[in-house]
Each structure stands twice: as structure tokens, then as C-alpha cells.
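Before any comments, here is the structure.
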Amino acid sequence: MIARSWDGVTEAARADEYLEYVRRTGVSDLVSTDGNRGVYVLRKLEGERAHFRLVSLWDSMDGIRRFAGEDPEQARYYPEDARYLSHLEPRVEHYQVLIAPDRDRGQREALDLGDELRRVCQGDAWHGPALGELLADVSPAGAVARPLATAHTIWELVLHVAAWSDVIRRRLEGEAVEEPERGDFPAVPEPTAHAWAAAKAELQAIHERLQERVAGLTAAELDAKVPGRHFSARFQVGSAVRHIVYHTGQIGMLKKAGA
């Protein structure tokens, strides 16, 4: 295993802002590159300056080249880096890792969490029918029916779950997202067969992207706080599962009520 180390300095007053920027750019790209085995972001405050050290772990130099380019010793920067950093250090350092913690612990946990998401969305869930299974035989007319006057329709719940699952995926990728751009319960379009099929396909695609992101989380990422929140990524993944299961139960009740 190889460790890639980069150092940068910014103003202490902007240290938290820079950290969120690094999370959205460098960290996000690092962990999504094939061959990466985790990222550590270190910070030391000294008066008016904040010193950052970013250490990424890799299977081989080939993985590092996939991230950094043909010259792996050259630092990789993003368009806004110059706004934050006192200078752009041109080179990085690489070290052979001789002793390391159990790298498989976080991977096993992340894979288990990703599998739980897959089960509650697609099938073989612990609680009963999965969300996708319940929606399979719902017609467009059934999706907009309102058998319970004060309850949301199945279609409204599908759009709601899709919107928030996508927010959670983006948070896990480093974005400080407050809520869905389309709102808590996005508006239902004209209830055609094509529109209903598109809504279900979007829900499935969003959940597949979320599952992929969760399964790729490292132990450090699971422990880290979600941008703009006081809770960890591990808690956020659990909340995603609970949110899906909760609304799956509502959809099951609406089907029994005559939807």
C-alpha cells in the first residue's frame, strides 16, 4: 500500500470553509478513483494560519496515476484552490505503508450497509416486501388514487423518497445539501403511463447510485460528520434505510386501502 501526502496552508478564519471545499473536490474525487483505499484530512491551527495535510492510501502507483495523471509526483489542483491557499505546492510525497489499521473493517461495514439498502429497495428485505416489489404492479391510476383523504398518494411518496435519497447520496459525496431542489414533496406530473414508468425508473436509478456510494465508503468516511450536519455518515446511511422502510410501509397500507 502507498500513501500520497500533500500539504497546503490557508487562513485560519477560512479553515472550516476550506475543509468543506476540499471534501467536495479532492476528497470526493480521491475516494471515487479505482485503487483508492481511504483518505485522511489533517489540520493544525497556528495563529492566523491553518495547515492542512491530505493523506490518501492506494493499492499501487497505477491508481495514483488514475487520479493525478502521468506524473504522480505533481500535485493536482482545482480552479478555486488559489482563492484559499497561500501558495500552490507543486509536488507531493509518496510513502510505502508498512503498518496500517484493519483496512477491511470499514469496507465490510460499508458493503453490509449497501446490501441493506439494496434489500429494502429491491427485494429480500427483513421487514417484508421491498419498495420496488410493492410498486411493480401499481398502475398510474393507482399511483394517484387517494383512498385515505388526508394521506399522500403513492406517486407523491415515490417522488418524495427519490428526492431525499438523492439528497443523502449527495451529502455522502461531500455536498452540504439542505433539502431537495424540487421541494419536500415534488409536484406529480400528468399521470400517464410514460410518466409513471419514468418516476419508478428514476427512483431505482437514484437508489442504485446511493447503494454504490454507500458500499464504497471507508471507515474514516463512515465516522466523519456529514457536511453541515452534526451527525456522521454512518448515521445518515441508517436514516436513509429507515426513511425508505417507513414510506414503504405507507405505500403498503395505501395498496391495502384500495389504491
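Quick notes on this structure:
- Residue count, the range 194-240 (criterion: of a type in the set (S, T, Y) and in a loop (DSSP other than H, G, I, E, B)): 1
- Options L113, L131; residue that is buried (at least 16 other Cβ atoms within 10 Å of the Cβ), in contact with a Cys (Cβ under 9 Å, 6 or more places away or on another chain) and assigned by TED's automatic domain parsing to the domain that holds L210: L131
- Answer residue from the range 56-78, given it is among the charged types (D, E, K, R) and in contact with a strand residue (DSSP E or B) (Cβ under 7 Å, 6 or more places away or on another chain) and is modelled with the lowest pLDDT among those: D59
- Search result, residues across the range 232-247 that are more than 12 Å from the chain's Cα centre (by Cα) and of a type in the set (A, V, I, L, M): V241, I244, V245
So that you can scan it fast, the table gives a plain yes or no per residue for (1) touching a strand residue (DSSP E or B) at 6+ places or on another chain (Cβ under 9 Å); (2) crowded, with 16+ Cβ neighbours inside 10 Å:
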{"residue": "W155", "(1), (2)": "no, yes"}
{"residue": "A162", "(1), (2)": "no, yes"}
{"residue": "R182", "(1), (2)": "no, no"}
{"residue": "Q211", "(1), (2)": "no, yes"}
{"residue": "D223", "(1), (2)": "yes, no"}
{"residue": "R229", "(1), (2)": "no, no"}
{"residue": "R234", "(1), (2)": "no, yes"}
{"residue": "R242", "(1), (2)": "no, no"}
{"residue": "H247", "(1), (2)": "no, yes"}
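- Any hit, the range 181-189, residues being at pLDDT 95 or above and either part of a helix (DSSP H, G or I) or under 18 Å from E109 (Cα atoms) (or both): no
- Close pairs from the range 226-242: first in contact (Cβ under 8 Å) with a residue 12 or more places away in the chain, partner part of a helix (DSSP H, G or I) and polar (S, T, N, Q), Cβ under 6 Å, at least 6 apart: V226/Q236
- Test set (1) of a type outside the set (S, T, Y); (2) at pLDDT 95 or above; (3) touching an Asp or Glu at 6+ places or on another chain (Cβ under 8 Å) - A176 fails condition number: (2)
- For first residues located in the range 154-168 and in contact (Cβ under 8 Å) with a residue 24 or more places away in the chain, partners that are of a type in the set (F, W, Y) and part of a helix (DSSP H, G or I) and lie 6+ apart or on another chain with Cβ distances below 9 Å form the pairs W155/W196; V158/W196.
- Among residues that are surrounded by fewer than 13 Cβ atoms within 10 Å (Cβ to Cβ), within 21 Å of the chain's Cα centre (by Cα), of a type outside the set (F, W, Y) and not assigned by TED's automatic domain parsing to the domain that holds S28, A205 is included.
- Taking the numbered list (1) touching an Asp or Glu at 6+ places or on another chain (Cβ under 7 Å); (2) closer than 30 Å to L57 by Cβ; (3) of a type outside the set (S, T, N, Q) in turn, F185 passes all entries but (2).
- Among the conditions (1) out of contact with any Asp or Glu (no Cβ under 6 Å at 6 or more places or on another chain); (2) within 19 Å of R91 (Cβ to Cβ); (3) not aromatic (F, W, Y), R53 misses just one, which is (1).
The values are calculated or read from the model by the stated rules, or taken from the named source; none is laboratory data. Because the structure is a prediction, the values reported are computed rather than measured. Note that we place each Cβ from the backbone using ideal geometry, even for glycine, and neighbour counts take in every protein chain shown.
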